[in-house]
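Reviewing the structure listed below.
The values are calculated or read from the model by the stated rules, or taken from the named source; none is laboratory data. Since the model is a prediction, treat every value here as computed from it, not as a measurement. Cβ atoms come from the backbone with ideal geometry, glycine included; neighbour counts cover every protein chain shown. When the accessible area is computed, the model is the full protein with side chains, heavy atoms only, and any ligands, DNA or RNA have been set aside. Shrake-Rupley method; radii C 1.70, N 1.55, O 1.52, S 1.80 Å.
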Amino acid sequence: MREKKGRPRAALHSFKLTRSEWIVLFCLTRQPRLNAQQISIVTGRPNTSIVGAVKLLQKKGLITRKTDIADSRRRVLHLSESGQRMYTAIIGSFIAREKAMLQTLDPAERRELGRLFGKIIAAADVWAKPY
């Protein structure tokens, strides 16, 4: 991915993660002990994309796969310490970028944006369908 003049590189690119890898990390910080199929269902991403991301993340040492203590037939994913550190670093850069984007809006515009996003999210059952 080539940088455009005057624009910073994308956060995920600078951390050498694909979007699917980021999705897996994000999901595991919100809900530990998921498997690849569950992440695929929750996010609407193709299972092959998530399975590939899981393999890459394991190879990088960012997640581990262990036998589920509640069901020994099931294997679940966990963030490693380095995975948690990676997530913290990435989310910090996302928060900083979001803050920079929102600085262009005055307080009333930020409230209106929040209201509009809330309206979109409230209708998610209509538009949020798996691909």
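In this structure Phe26 has an accessible area near 80 Å², from a 1.4 Å probe over the protein heavy atoms.
Applying the Karplus relation 6.51 cos²θ - 1.76 cosθ + 1.60 with θ = phi - 60° to region 44-61 yields 3J(HN,Hα) values of x, 8, x, 4, 4, 5, 5, 4, x, 5, 4, 4, 5, 5, 5, 4, 7, x Hz, where x marks Gly and Pro.
In this structure, Lys99 and Thr43 have a Cβ-Cβ separation that, at R0 = 30 Å, corresponds to a calculated FRET efficiency of about 0.75. Distance between the 7 Å Cα→Cβ label points at Asp71 and Gln58: 1.8 nm. In this structure the amide hydrogen of Ile63, modeled in the peptide plane, comes within under 5 Å of the amide hydrogens of Gln58, Ser80, none closer than 5 places in sequence on its chain. Only one item in [x] 44; [y] 32; [z] 39 matches percent of Cα pairs over 24 Å apart derived from the coordinates shown, and that item is [x]. Positive contributions from Lys and Arg (+1) and negative ones from Asp and Glu (-1), summed over other residues with Cβ under 13 Å from the Cβ of Met86, come out at +1. The Rg/Rh ratio of region 11-76, with both radii computed over alpha carbons and Rh defined as the Kirkwood radius, is 0.96.
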